[in-house]
Amino acid sequence: MGIREELMERIDMERIPRHVAIIMDGNGRWARGRMRGRSEGHAEGVNSVHNITKAASDLGVKHLTLYAFSTENWNRPAEEVETLMHLIGWAIRKETPELKANNVRIRLIGEIGRLPESVRADLEEGCRQTASCDGLNLNLCLSYSSRRELTEALQAIVDEVAAGKRPPLVDEDTISSHLYTAGIPDPDLLIRTGGEHRISNFLLWQIAYSELYFTPVLWPDFDENALLEAILDFQGRERRFGMTSDQVREQKP
Ligand code: IPE
Ligand code: IPE
Ligand code: MG
C-alpha cells in the first residue's frame, strides 16, 4: 500500500474539516535551497495550490482559504511584487477551466482594488466563470490584512449607525457580517507551512477557535500527503470550546 492509501485509510471521512485555511509560506527558502531565484519558488508554489485545491475538493472540504499575498507583502522589492502579480493572473487564467469542471467556486478576499487592473480582470473573470459552482469554495486572500479588514468593518458599522441605518447595539454577528468573510464559516483548521510559528495578520477574528497546525514543510513541497497528515492531526484533537473533556464527551451521540 502506498503512503497516500495508508493515510486515507486512517482518515475519518465523517470528520473532514469544513473550512481549511492555509498560510502558504516558504517559497523563497525553497528556491534558495536549490540555488534558484525567489520567483521560481513562487512558480513552484502555484503547483502546490493546484494540487492542494484538487485534494481538498476530493475530500469534500467546503472552504479552502489561501493566504496568497498580504497587505504587508507590498513592501517586498518591486520586482518580486511584479512577478507575484504576473503569476497570480497567469495561474487563474490557466486554472479556471479545471476549477469549473471540478465544481470549485473562486472567491476573492482582500483589497482587490489595489491589484493591477489586468490581474483584477483575470480574477474577476475566474469568479464569474465559477459563480454557479457549489462544491469547494476556493477563497483567495490577496492584498489581505486582518487588522485592515476589522478596521474597515468597524468604520462601516459606525457609518451605518451615524446614518440611522442600524441601531447602535453591536454584537458578534454584526462584526462577522461586515468582514470580507461574511457568510463563510470560521476555519476549523489553520495550517502554516514554512516553519514559522506566527499568524502574520491573517483572519484574526475568524480563527478564535480554529485548530492551529504548523509544519516545517515549505509550501512548494506541501503535497496531498502533507494535507492528509494535517487533517489526521486535526482529527486527533478534542475541540472543547471552553468546556471540560467530560462535557464534550457527554454531548457526543
Ligand atoms: C510565501 O513564501 C509566498 C508569499 C508570501 C507571497 P515566501 O516568499 O514568504 O517565502 P520565504 O518565507 O521567504 O521562504
Ligand atoms: C505570510 O507570509 C503571508 C503569505 C503567506 C501571503 P510572509 O512570509 O509574508 O510572513 P512574514 O512576514 O514572514 O510573517
Ligand atoms: Mg515568508
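No value in this document is a laboratory result; all are computed from the given coordinates. Computed from a predicted model, the values in this text were never measured in an experiment. Glycine also receives a Cβ, built like all others from the backbone with ideal geometry; neighbour counts cover every protein chain displayed.
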> In what sequence, highest mean first, do 73-83, 207-217 appear when ranked by Cβ atoms within 10 angstrom?
Replying inline: 207-217, 73-83
> Quick one: in the range 178-218, what % of C-alpha pairs are over 16 Å apart?
Replying inline: 39 percent
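Would you work out the relative contact order for the range 133-253, in percent, from Cα pairs under 8 angstrom that are 6 or more residues apart? It would help to have the intermediate numbers written out before the result.
On the way: 82 pairs, mean separation 26.1, N = 121.
Rounded, it is 22 percent for the range 133-253.
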>> Placing +1 on the Cβ of each Lys and Arg and -1 on the Cβ of each Asp and Glu in the chain, which of Val81, Ala182, Tyr144 has its Cα farthest towards the positive end of the resulting dipole?
In response: Val81
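Ranked highest first by average number of other Cβ atoms within 10 Å, how do 182-195, 231-244 line up?
Highest to lowest by the protection proxy: 182-195, 231-244.
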>> If I take every Cα pair under 8 Å that is 6 or more residues apart in the chain, average their sequence separation and divide by the length, what percent do I get for the relative contact order?
In response: 28 percent
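Can you tell me the dipole magnitude for the range 117-232 around its Cα centre, using point charges on the Cβ only (Lys, Arg +1; Asp, Glu -1), in Debye to the nearest 20? Before the final figure, lay out the partial values.
Working: 8 positive and 20 negative charges, 84 e Å.
Approximately 400 debye in magnitude.
Kirkwood hydrodynamic radius of the range 136-206 from all distinct Cα pairs, in Å? Could you put the intermediate results ahead of the total?
Details: mean 1/r = 0.0722 Å⁻¹.
That comes to 13.9 Å for the range 136-206.
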>> Less than 20 Å apart at the alpha-carbon level, and either on another chain or at least 8 residues along: which aspartates and glutamates does that give for Lys100?
In response: Asp58, Asp122, Glu124, Glu125, Asp134
>> Give me the dipole magnitude in Debye, nearest 20, for the chain about the Cα centre, with unit charges on the beta carbon: positive for Lys and Arg, negative for Asp and Glu.
In response: 240 debye
>> Quick check on the chain: helices-only [θ] at 222 nm, where DSSP H runs of length 4 and up contribute -39,500 (n - 2.57) each and the sum goes over total residues. Nearest 500, please.
In response: -14500 deg cm²/dmol
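Just the Kirkwood number for the range 156-253, please: inverse of mean 1/r across all distinct Cα pairs, in Å, one decimal.
On the way: mean 1/r = 0.0604 Å⁻¹.
Mean inverse Cα-Cα distance, inverted, gives 16.6 Å.
Could you tell me what a quarter of the Cα convex hull surface of the chain works out to, in nm² with one decimal place?
Working: hull surface 65.8 nm².
Averaging across all directions leaves 16.5 nm² for the Cα convex hull.
Can you give the convex hull volume per residue for the Cα atoms of the range 1-150, as a whole number of Å³?
Details: hull volume 20.1 nm³, N = 150.
Output value, Cα hull per residue: 134 Å³.
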